[in-house]
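First the structure, in the form of structure tokens, and then the observations on it.
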Amino acid sequence: KQTLDYAQQLYEKKLLTYPRTDSQYLTEDMGQTAQHLVSDLLGLLPFAQGLDLTPEVGRILNSKKVSDHHAIIPTAEFAKQGFTGLAESECKLMNLVCSKLLCAVAAPHEYETVTAVFSCAGNEFAAKGKTVLVPGWKEIDQRFRSTLKADTEEEVLNTLPELAEGQSFSVMANVSEHFTSPPKAYTEDTLLSAMERAGAEDMPEDKVNCSAGAREGGLGQAERKGLGTPATRAAILEKLVQMGFVQRKGKQLVPTKDGINLAVVLPESLTSPVLTAEWENRLTEIAKGNADPDEFMAEIEAQVRQLVKTYSCISADKQNLFQSERVVIGKCPRCGENVYEGKKNFYCGNRGCQFVMWKNDRFFEQRKKAFTPKIAAALLKNGKAKVKGLYSEKTGKTYDATVLLADTGGKYVNYRVERKE
């Protein structure tokens with residue numbers, strides 16, 4: 001979301017084109033503009049100084065693959081102004097956008113891979129090697145990454161020595177132990193990417209692409225297969241965090257207990273990205289005048305009515321999923337059952353037992369002392385609790401004393417201060 005906010009600021013400063021788009025192409029009438037822009041960037045960007053680049057602009061021009069807005073690129077105004085007056089975060093984003101544009105028009109990255117198969121004691125082993133023939137766009141990408149403060153992983157090339165068929169080697173054999181690792185939790189970057197691709201494998205092409213240009217692949221296809229739009233995906237994640245269904249642990253986003261339970265109880269049809277993709281597709285058809293909005297809304301209403309009818313309540317085996325975990329404070333002095341902490345009291349888990357200690361009990365309020373779970377636990381365990389900072393109305397001062405639990409078995413529990421003889 002923060003990145004989108006920075007992009008919006010740059011857009012309002014007329015330094016960046018419209019940022020809320022998934023397009024990866026420019027329209028065909030922008031060829032000359034793109035050519036001039038690339039030339040200007042080569043002289044403006046520090047990491048592009050001395051770069052030998054013959055831009056292949058035609059590769060990024062395709063009007064059929066542009067829906068409402070073309071790909072995000074710097075503007076001619078940025079080429080004139082440069083980074084003057086921009087905050088550090090805005091400079092970083094502009095550098096990223098510029099590097100991606102240069103990579104897109106650079107030569108392809110060419111490399112050669114070699115796989116060698118070795119036979120030993122009736123078993124076959126394979127080794128792979130890779131040699132770069134033409135750096136191409138990866139040279140630009142590496143130059144850009146070298147300017148970043150954060151450590152970036154560089155590709156390690158495993159180059160094989162000269163080998164000949166039938167060649168023999170002397171080798172040492174040893175057994176090593178390895179362990180599998182569980183899938184890594186999502187980060188914001190990987191989850192946003194997953195949202196963009198969600199449902200792609202489940203949606204047939206003719207259901208997703210809704211224009212002649214879209215059927216050839218490109219943006220239209222990606223937008224309508226994903227969850228949300230470039231303008232809403234980050235906000236969706238923020239809402240899930242605020243509502244307590246997802247929590248941040250460092251850079252990772254992990255589901256909370258409530259988030260997992262919600263996914264368990266929701267009907268599968270509502271959690272499937274196919275449903276969202278289908279709706280997006282229909283809305284696009286409506287926007288183009290190829291579908292009736294009233295008919296679409298009638299179908300939505302019928303679908304909602306059917307869902308409510310089918311899933312009118314949570315099944316009995318899942319009703320306890322959203323019950324808050326009860327915290328055991330101690331044992332009831334009357335019946336021996338567990339005593340739990342509630343919002344306003346400490347109560348016995350036995351419904352037939354009337355034992356309860358109220359947090360707003362007059363004894364503690366008069367002495368301006370909060371009735372904490374720690375005090376309650378000590379009273380239940382020992383029948384008394386050492387309490388500091390009790391207020392005296394007579395002296396106007398605080399004092400430390402031992403509070404005794406004086407339970408007579410009635411409706412209310414009493415307390416008193418232990419007197420020292």
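The values are calculated or read from the model by the stated rules, or taken from the named source; none is laboratory data. Note that the structure is a prediction, hence the values are computed from the model and not measured. Glycine also receives a Cβ, built like all others from the backbone with ideal geometry; neighbour counts cover every protein chain displayed.
For Leu240, are the conditions met, namely being out of contact with any Cys (no Cβ under 9 Å at 6 or more places or on another chain), touching a residue at least 12 places away in the same chain (Cβ under 8 Å) and assigned by TED's automatic domain parsing to the domain that holds Met195? Even if it seems obvious, please write down each step before you answer.
Numbers: out of contact with any Cys (no Cβ under 9 Å at 6 or more places or on another chain): yes; touching a residue at least 12 places away in the same chain (Cβ under 8 Å): yes; assigned by TED's automatic domain parsing to the domain that holds Met195: yes.
For Leu240, the condition - out of contact with any Cys (no Cβ under 9 Å at 6 or more places or on another chain), touching a residue at least 12 places away in the same chain (Cβ under 8 Å) and assigned by TED's automatic domain parsing to the domain that holds Met195 - is met.
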Pairing a residue in the stretch 292-306 that is farther than 15 Å from Leu270 by Cβ with any residue that is surrounded by 10 or more Cβ atoms within 10 Å (Cβ to Cβ), where Cβ atoms lie under 8 Å and the two sit 6 or more apart in sequence or on different chains, gives Asp292/Ile286; Pro293/Ile286; Phe296/Arg282; Phe296/Leu283; Phe296/Ile286
The one condition in (1) hydroxyl-bearing (Ser, Thr, Tyr); (2) at pLDDT below 90; (3) outside any helix (DSSP H, G or I) that Thr3 fails to fulfil:
(3)
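In the list Gly82, Gly50, which residue meets the criterion of being assigned by TED's automatic domain parsing to the domain that holds Gly136 and either surrounded by fewer than 14 Cβ atoms within 10 Å (Cβ to Cβ) or without any contact (Cβ under 8 Å) to a residue 12 or more places away in the chain (or both)?
Gly50
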State all residues of the stretch 60-84 that are of a type in the set (Asp, Glu) and part of a loop (DSSP other than H, G, I, E, B); if no residue qualifies, say none.
Asp68
Of all residues in the stretch 15-42 being part of a helix (DSSP H, G or I) and of a type in the set (A, V, I, L, M), the one that is surrounded by the fewest Cβ atoms within 10 Å (Cβ to Cβ)
Leu42
Considering every residue within the stretch 130-151, establish whether at least one is outside any helix (DSSP H, G or I), of a type outside the set (A, V, I, L, M), without any contact (Cβ under 8 Å) to a residue 12 or more places away in the chain and closer than 30 Å to Asp5 by Cα.
yes
In the same structural domain as Lys138 (by TED's automatic domain parsing), in contact (Cβ under 8 Å) with a residue 24 or more places away in the chain and in a helix (DSSP H, G or I): is that true of Cys103 in this structure?
yes
Which numbered condition Glu124 misses (of (1) assigned to a loop (DSSP other than H, G, I, E, B); (2) without any contact (Cβ under 8 Å) to a residue 60 or more places away in the chain):
(1)
Being of a type outside the set (Val, Ile, Thr), at pLDDT below 55, surrounded by 15 or more Cβ atoms within 10 Å (Cβ to Cβ) and not in a loop (DSSP other than H, G, I, E, B) is true for just one of Glu196, Glu223. Which residue is that?
Glu223
From the residues in the stretch 272-302 that are surrounded by 13 or more Cβ atoms within 10 Å (Cβ to Cβ) and polar (S, T, N, Q), which one is farthest from Pro230 (Cα to Cα)?
Ser272
Ala34 vs. criteria in the same structural domain as Cys103 (by TED's automatic domain parsing) and within 19 Å of Glu90 (Cα to Cα):
no
For the stretch 245-262, how many residues meet the condition of being assigned to a loop (DSSP other than H, G, I, E, B) and surrounded by 12 or more Cβ atoms within 10 Å (Cβ to Cβ)?
2
